[in-house]
Each structure stands twice: as C-alpha cells, then as structure tokens.
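Asks: One structure coming up, written as structure tokens, with questions to follow.
The values are calculated or read from the model by the stated rules, or taken from the named source; none is laboratory data. From a predicted model like this one, the values you see are computed outputs, not experimental measurements. With ideal geometry, Cβ positions are generated from the backbone for all residues, glycine too; neighbour counts draw on all protein chains shown. Accessible surface is based on the protein model in full, side chains and every heavy atom, while ligands, DNA and RNA are left aside. Shrake-Rupley method; radii C 1.70, N 1.55, O 1.52, S 1.80 Å.
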Protein chains: 2
Amino acid sequence: MATGRTHRPATRSRGIPEATVARLPLYLRALTALSERSVPTVSSEELATAAGVNSAKLRKDFSYLGSYGTRGVGYDVEYLVYQISRELGLTQDWPVVIVGIGNLGAALANYGGFASRGFRVAALIDADPAMAGKPVAGIAVQHTDELEKIIDDNGVSIGVIATPAGAAQQVCDRLVAAGITSILNFAPTVLSVPEGVDVRKVDLSIELQILAFHEQRKAGEEATPPERETAGTGEPGVATTPKPSSAASHRPAAGGSGGTGGHSVDGNRQGPDGDVPAVMPA
Amino acid sequence: MATGRTHRPATRSRGIPEATVARLPLYLRALTALSERSVPTVSSEELATAAGVNSAKLRKDFSYLGSYGTRGVGYDVEYLVYQISRELGLTQDWPVVIVGIGNLGAALANYGGFASRGFRVAALIDADPAMAGKPVAGIAVQHTDELEKIIDDNGVSIGVIATPAGAAQQVCDRLVAAGITSILNFAPTVLSVPEGVDVRKVDLSIELQILAFHEQRKAGEEATPPERETAGTGEPGVATTPKPSSAASHRPAAGGSGGTGGHSVDGNRQGPDGDVPAVMPA
DNA sequence: ATGTCTTTGTGAACGCGTGCACAAAGATGG
DNA sequence: CCATCTTTGTGCACGCGTTCACAAAGACAT
C-alpha cells in the first residue's frame with residue numbers, strides 16, 4: 001500500500017501486475033536465503049511457505065516473468081534469484097539520497113538492508129546548517145542548498161524523504177524539479193507530484209492505527225456473541241448515534257473526552273454507545 | 001500491505017472492508033488538520049483532495065461507518081473526527097512495547113506520531129545487557145528477560161519488533177506467548193504467528209525495490225517504442241534467456257550468458273542480461 | 001520405451017475494490 | 001410553501017487479484 005496518489009495504470013504496458021511486483025522482493029529474499037544455504041532447487045510449495053504466501057499465487061506470479069520452473073522438480077534457485085533481480089532492476093546500482101537526517105533519517109542511513117540490495121546511499125541531506133559536515137553512518141551530511149547539485153552530479157533518481165511533515169512537500173518539489181522520479185516518503189503527509197513520478201509512503205502511525213482497529217475488534221468480539229447479525233447501518237450496539245443537527249455547534253463536547261478513561265470500558269467492546277457522551281454534544 | 005501471512009477473513013463479520021480501514025487514518029489526519037484550523041465542515045470533494053483519494057471512494061468509505069454527512073453541506077469535521085477515532089479504537093489508550101532498540105528502534109521511540117494518536121510507549125526492550133537502564137527518548141531500556149512481566153503488568157497488546165531479522169521470530173514468539181495480539185514488524189522476515197494474531201510489516205528495502213522496478217521501467221520505456229507488443233514470455237529485448245537445462249548444472253551459465261552483452265543494450269534499459277555479473281556468480 | 005509420479009503453468013470462477021452516475025436529501029432563497 | 005441548487009449516499013458495472021483445480025510437462029524407475 002503506497003502511492004496514495006490517484007491511481008495509475010502502473011505496469012499496464014508490460015504484463016506484470018502491481019500486486020505481483022510487490023511480492024517479488026519477498027520471493028527474492030527467501031531465495032537469497034536458500035541460495036546462501038546452497039540449496040539448488042525449490043518447489044513452489046516450499047518457496048511459498050518461506051515467503052509466507054500461497055503456492056498457487058506464487059506460481060502465477062512467476063508465470064508473469066516467464067516459464068522458469070521445471071515440472072516435477074521445481075525452480076532453480078540461483079537462476080530465479082537472477083531473473084527476479086533483473087526484473088526488479090537490482091542488477092544495477094541505484095544511488096539514493098536521504099533528505100531529513102533526524103532520528104529516522106539517521107536510522108535509514110545506517111540500515112544495512114539497502115546496500116545489500118543494490119541501493120547505495122549517495123548523500124544525506126538536511127536543512128539544519130549545524131548538521132552540515134557531521135558524519136552519519138560514515139557519510140558527511142550536506143546542506144539542502146546542495147540538493148540539486150548532488151542529485152545531478154550523482155544521477156540520482158530515487159529520493160527518500162524523512163523530514164518533518166511540514167517540510168515534506170517542499171522537499172518533494174525540489175527533488176522532483178531536480179530530476180528525481182521515485183520517492184519513498186516517511187513523512188506523514190500526502191505528497192502531490194506530477195505525472196510520471198512514483199511515490200510510495202511508509203507511515204508508522206497509520207500502521208499502528210490499523211492494528212488498533214483490529215485489536216479493538218478482537219476485544220469486542222470476545223464480549224459479544226461472535227457472529228452478530230450484520231445490522232444494516234450501524235453496528236451491533238451503536239444503532240442510531242444522533243448526528244450533529246447540521247447547523248448546530250460544530251464542536252462536540254470535547255471536555256469529557258477523557259473518554260473511556262476511568263471505567264472498565266465495558267468488557268472491552270466499545271460500549272453500545274455508552275461512551276458517546278465523550279464527544280457528542282450533550 | 002502488510003500481514004504477509006496467509007490471508008484472513010479480516011473484517012468480514014462487521015461490515016468495514018479492509019481497504020477502507022486502511023484509509024481511515026488518512027482521513028483522520030486530514031480532518032485533524034482541518035479541525036485545528038477550526039474549519040466546521042468539509043465536502044467529500046475537499047476532504048478527498050486533502051487525503052489524496054477519489055471523492056466517490058471517500059463517500060463510500062464513510063457510508064460503511066454510517067450516514068454522518070449532511071446533503072448539500074458536507075461533513076461536520078469535529079463529529080467525523082470522533083466517529084473515525086472511535087471506529088479505529090483511538091478513543092482509548094494503547095500501550096505498546098518496542099523490542100530492539102537499535103537505530104530504528106530508537107528512532108521509533110522518539111517518533112512523535114505515536115503519542116499524538118493515542119499510542120503510548122510503555123516500554124523499550126533490548127537483548128543487549130549493556131543497553132539496560134540506558135534512557136532512550138526519556139524511557140529506560142529494559143532487558144529482554146523482563147519482556148513477559150512488562151507486557152503483563154502494563155496490559156500491552158501491541159508490540160513493535162525492530163530487531164535484526166535473525167531475532168525477530170524468536171521475539172515474536174515470546175511476545176505472542178506473553179499475550180500480544182498485534183505486531184508491527186520492521187524486521188525483514190516473514191513472521192509466523194498463530195491464528196488470531198495480526199501482523200503488519202514495514203519493510204524499507206522492499207519499498208525501495210518496488211520503486212526500482214518502476215524506475216527501471218520508466219528508463220526502459222524512453223528508449224523503447226512506448227507500446228511494445230506484449231510479447232508472450234520475455235520482454236522487449238530479453239527474448240529467450242535459456243533456462244537451466246533441468247538436471248544439468250543448477251547454475252545458469254553465467255559466464256557465457258554475457259550473450260547479448262556487447263551491443264547497445266538499448267539506451268537505458270537494463271541490458272538484456274549484459275550485466276549479469278553483478279548478481280550471477282561468475 | 002513405457003508408465004508412474006511429481007510439480008508446474010494456467011483457464012476459469014469468484015470476490016473485493018474502484019469509479020461512474022444518478023436519485024434522494026436537505027439547505028437556501030424567494 | 002415552492003423552486004433551485006448543492007452534495008451526499010449508493011446501485012451498478014467493471015477490472016484486478018486470488019484461488020481452485022487440472023491438464024501438460026518432465027523426471028525417474030523399470
């Protein structure tokens with residue numbers, strides 16, 4: 001899940017579906033592990049298990065790349081590693097720049113997973129003049145002023161944004177203007193980019209929120225008869241929470257919002273609407 | 001994209017589609033921004049733009065939550081903020097533990113986006129005895145030995161794994177055994193967990209690889225007649241890369257394969273396999 | 001060579017997610 | 001009270017992705 005952007009025909013021209021592309025790195029990792037153990041071949045079943053997917057899906061994915069397997073035997077590990085690497089464009093070296101050398105940026109700079117996959121940190125860039133020259137992960141941080149020059153000199157086409165949300169769009173614009181066509185965004189903002197530029201985003205807080213949603217659901221299900229009738233609009237107990245009567249106050253009583261705070265939070269399940277008060281205008 | 005795990009009926013029981021759940025945090029963020037600017041209402045169109053999605057999609061998403069809008073007017077910002085927060089389970093406080101306080105773990109601990117969304121870092125855990133007691137982001141790191149006790153004492157149900165790949169599964173098992181039911185995994189490994197435990201993964205290197213794929217495609221398209229006939233198996237220049245002749249060497253002839261090597265390698269496109277050496281064992 | 005056994009590659013069905021387009025709801029003005 | 005205008009909520013169709021299930025391909029033994 002990335003590129004919150006509109007939508008894109010993506011891989012339309014060449015056959016490979018986006019979903020498959022997203023899994024190739026997974027297969028590659030599993031294959032690399034096998035390769036290191038000198039395992040000559042793997043069946044789709046084994047590899048699928050290692051990659052955490054369904055074997056049928058894996059075979060279909062590979063079928064988009066071509067017929068690289070041998071019936072009755074499986075896939076040649078080394079060969080497949082190469083084919084996937086080539087498909088992903090990992091047989092060449094990709095210089096990347098990381099902009100925003102805070103905690104996260106520094107962590108990324110130190111992350112070993114990049115180098116091992118053909119990605120080379122060409123430069124670290126930060127807006128803070130005090131950071132300039134300071135070495136992080138063995139590389140001297142450079143000032144934002146140099147951004148365009150750095151990108152141009154190194155032929156960088158992939159940029160990583162690890163700045164605060166407020167600076168992200170601005171940095172993004174400069175990166176794009178400088179020739180970057182792929183961006184990995186860690187800032188919690190929606191970036192708008194021109195046609196032809198790919199953006200993938202990684203948002204830690206969003207991931208946690210999604211987990212929280214499921215966590216809440218799990219907790220709720222224990223307390224409620226498992227398969228509750230799928231009531232039309234509302235959910236089991238919530239029923240008709242009165243919507244703000246339009247024109248009225250655009251300001252639900254935030255005061256008591258401490259919310260579920262004190263009390264047991266009824267078993268767990270979000271009270272049928274017992275805790276609406278927290279927000280609903282009284 | 002997360003939970004590489006098999007697959008899950010997910011939200012089946014209660015109506016909300018997984019894809020919608022994944023977008024709720026996005027809407028919430030946009031709404032929070034509006035709220036801070038004291039904007040009373042928004043139309044689906046405006047909000048959709050702010051969140052970087054299609055307005056029809058947004059309306060449909062909201063329709064799963066109930067009818068919270070007013071025709072002719074739009075949505076009440078504050079009210080919607082509350083409804084989505086409640087739906088995501090953010091009206092309650094979620095204590096989380098971060099295991100593996102290396103560069104990334106420390107960055108996560110310092111990340112402000114958590115606290116602002118109802119997530120509280122309950123503890124930082126690391127296997128290195130030398131780390132124990134050291135304060136990171138204002139919290140003293142505790143040793144792995146305490147893991148079970150920490151989780152139990154604080155009623156933690158969400159765990160973040162930021163350890164090296166090798167330790168991830170082991171840590172995961174302990175977390176699960178201790179009662180954790182949601183895991184956010186930053187380690188580049190497929191975690192296997194029992195039924196009922198949710199895992200979402202964030203893999204930096206995978207994201208970059210996906211970008212590299214598209215980047216390569218873009219570069220290739222410039223050099224090739226845009227809409228190349230979708231030739232069956234291979235792609236434009238690659239044609240029939242000889243597969244390992246089964247029983248034979250499980251080791252594609254890397255040497256001679258330089259094959260197409262010499263010639264132009266069409267512009268930018270990854271040479272048909274001209275640069276095999278990079279990956280293939282010589 | 002022939003038969004058996006394993007595993008791939010894929011046709012086809014299904015289900016989810018997306019986007020269109022429009023009717024219904026409600027606000028607003030006269 | 002009625003007309004008009006805005007914006008929601010959703011039925012419907014379409015396309016992508018997943019899964020099943022099986023025929024074909026090839027290895028291997030006899």
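Asks: How many residues, within segment A:31-49, are in a helix (DSSP H, G or I), open to solvent by 30 Å² or more (accessible area, probe 1.4 Å) and either among the basic types (Lys, Arg) or within 12 Å of DNA strand C (Cβ to nearest atom) (or both)?
Replies: Residues meeting the conditions: 3.
Asks: Within segment B:50-162, considering only helices (runs of 4 or more DSSP H) that don't extend past its boundaries, which have at least 2 residues that are within 16 Å of DNA strand D (Cβ to nearest atom), without any contact (Cβ under 8 Å) to a residue 40 or more places away in the chain and crowded, with 23+ Cβ neighbours inside 10 Å? Before you say what the answer is, go through the steps one by one.
Replies: On the way: elements: B:55-65, B:77-88, B:103-110, B:112-115, B:147-154.
Filter on segment B:50-162 gives B:77-88.
Asks: Taking the condition farther than 22 Å from residue B:76 by Cβ and either at pLDDT 95 or above or open to solvent by 40 Å² or more (accessible area, probe 1.4 Å) (or both), does residue B:17 pass?
Replies: On the way: farther than 22 Å from residue B:76 by Cβ: yes; either at pLDDT 95 or above or open to solvent by 40 Å² or more (accessible area, probe 1.4 Å) (or both): yes.
Yes; evaluated as a whole, the condition is true for this residue.
Asks: Now a separate question. Exactly one condition in (1) under 27 Å from residue A:28 (Cβ atoms); (2) within 24 Å of the chain's Cα centre (by Cα) is not met by residue A:179; state its number.
Replies: The one condition residue A:179 does not meet is (1).
Asks: Which count do you get for residues in segment B:197-220 that are over 18 Å from residue A:117 (Cβ atoms) and at the interface with another protein chain (Cβ under 7 Å from one of its Cβ atoms)?
Replies: So the answer is 3.
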